[in-house]
Amino acid sequence: MPPEEETMKQALTQAAAELGLKLDDSQLEQLLAYLGLIQKWNKVYNLTAVRDPQAMLTQHLVDSLSLLPALLRHAADTPLRMMDVGSGGGLPGVVVAICAPQIDVICVDAVAKKASFIKQVAVELGLRNLHGEHSRVEELQVPPFDLITSRAFASLLDFTTLTRQHLKPGAIWLAMKGQHPTEELAALPPDLDVFHVEQLAVPGLDAQRCLIWIKPRA
């Protein structure tokens, strides 16, 4: 392994350990291979404005990894179906598919070339639990999901309104946000229950992050 790749692997291993995640060598290598695919295809697919590999590692991979401890507490080893809305280059959907193989992940994006990139990632990394869908989420015709996630997709109101039809009974939304979204939370309708707001600590990233847990009221 070239020195720069070894350095990236060490940084990723350390970040995963700080998050309390036990990732094996295969998962670490898949995460780095995914990062390599983002770098390779970024000019064609316009996946991210971040160009520096180390910045990509922290701002994309590690930031998405910060979702995993909470997600695994919820999912445990139970096979679940998850939709990642406005997934773009697959964040956090691809990271979840790599690190939690019991979760079947569909990454939805309205931009065709980004959905195509997800399909390419699934093939190149051998991820049978990863799927790309080119569609506006409100027009998507698929069976409902156990979990719906987003990372910088839209306001909480738009996120829940556009995807509500895709929730199974008893399912939840998990929205990754930066600062505590007080105004967005206040705009949610009364038939939604924000039952947990969890602060996320992202190793190496000096920025506020939180995870909003939402479900329809019974």
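Derivation of every value follows stated rules applied to the coordinates shown; laboratory data play no part. Here the structure is a predicted model, which means the values were calculated and not measured. All Cβ positions, glycine included, derive from the backbone under ideal geometry; neighbour counts span all protein chains shown.
Observations, loosely collected:
- With the largest listed first and rounded to whole Å, the semi-axes of the equivalent ellipsoid of region 1-121 from the Cα gyration tensor are 21, 20, 11.
- Those residues of region 62-87 whose amide nitrogen sits under 20 Å from the label point placed on W213, 7 Å along Cα→Cβ: 64-85
- Candidate cross-link partners of K119 among the lysines, defined by an alpha-carbon separation under 17 Å and a same-chain spacing of 8 or more, comprise K40.
- Modelled FRET efficiency - R0 30 Å, Q199 with Q54, Cβ distances, 0.05 increments: 0.75
- Under the convention that each Lys and Arg Cβ holds +1 and each Asp and Glu Cβ holds -1, the size of the dipole of region 1-128 around its Cα centre is about 480 debye.
- Exposure proxy order (Cβ contacts within 10 Å, fewest to most) of S64, S150: S64, S150
- Relative protection proxy for 187-197, 95-105, from highest mean packing down: 95-105, 187-197 (other beta-carbon atoms within 10 angstrom).
- Protection-proxy order for peptides 11-20, 29-38, each taking the mean of Cβ atoms within 10 Å per residue, highest first: 29-38, 11-20
- Counting DSSP beta bridges with both ends in the chain, the antiparallel % (nearest 5): 40
- J(HN,Hα) series, region 176-182, from Karplus relation 6.51 cos²θ - 1.76 cosθ + 1.60, nearest Hz, glycine and proline x: 7, 9, x, 5, 3, x, 4
- Structure-based [θ]222 nm, the chain - -39500 (n - 2.57) summed over DSSP H runs of at least 4, per residue, nearest 500: -11500 deg cm²/dmol
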